[in-house]
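Here is the structure we will look at, set down as structure tokens.
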């Protein structure tokens, strides 16, 4: 929907349309550089868009592909090995694009993470 703007009542140095990683990174860098930053977002607060073609990969599967590609053996280790990050690596945290697909009528057309890792070129 187009909206006709008759005037401005706000001035800023940086504007991001959307709060994706690029928009927020740019706003943070602008702010850190002493600029006023404004981020515009139309999605409801707390919305998380996931643009994944699969519904989540286990950390062990990701490690196995990376290890195979690097010619390294991969083995399970206790979560304590990773200190405070242990719980993150010990728990699979799958992402789902179901909400993104339904809300935006979007269908992924890119390879899955594991396919991408298998085919990445140096």
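What do you reckon, is residue 21 exposed (fewer than 11 other Cβ atoms within 10 Å of the Cβ), under 29 Å from residue 108 (Cβ atoms), within 21 Å of the chain's Cα centre (by Cα) and free of Cβ contacts under 8 Å to residues at least 60 places away in the same chain?
Details: exposed (fewer than 11 other Cβ atoms within 10 Å of the Cβ): yes; under 29 Å from residue 108 (Cβ atoms): yes; within 21 Å of the chain's Cα centre (by Cα): yes; free of Cβ contacts under 8 Å to residues at least 60 places away in the same chain: yes.
Yes.
Table: residues versus (1) closer than 21 Å to residue 98 by Cβ; (2) at pLDDT 85 or above.
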{"site": "4", "(1), (2)": "no, no"}
{"site": "14", "(1), (2)": "no, yes"}
{"site": "33", "(1), (2)": "no, yes"}
{"site": "37", "(1), (2)": "no, yes"}
{"site": "40", "(1), (2)": "no, yes"}
{"site": "48", "(1), (2)": "yes, no"}
{"site": "57", "(1), (2)": "yes, no"}
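In the stretch 80-117, what residues are over 16 Å from residue 55 (Cα atoms) and either touching a residue at least 60 places away in the same chain (Cβ under 8 Å) or out of contact with any helix residue (DSSP H, G or I) (no Cβ under 6 Å at 6 or more places or on another chain) (or both)?
Answer for the stretch 80-117, where residues must be over 16 Å from residue 55 (Cα atoms) and either touching a residue at least 60 places away in the same chain (Cβ under 8 Å) or out of contact with any helix residue (DSSP H, G or I) (no Cβ under 6 Å at 6 or more places or on another chain) (or both): 81, 83, 84, 85, 87, 88, 103, 104, 105.
The values are calculated or read from the model by the stated rules, or taken from the named source; none is laboratory data. What you see is a predicted model; the values in this text were computed from it and never measured. FYI the Cβ positions are ideal-geometry reconstructions off the backbone, even for glycines, and counts take in every protein chain you see.
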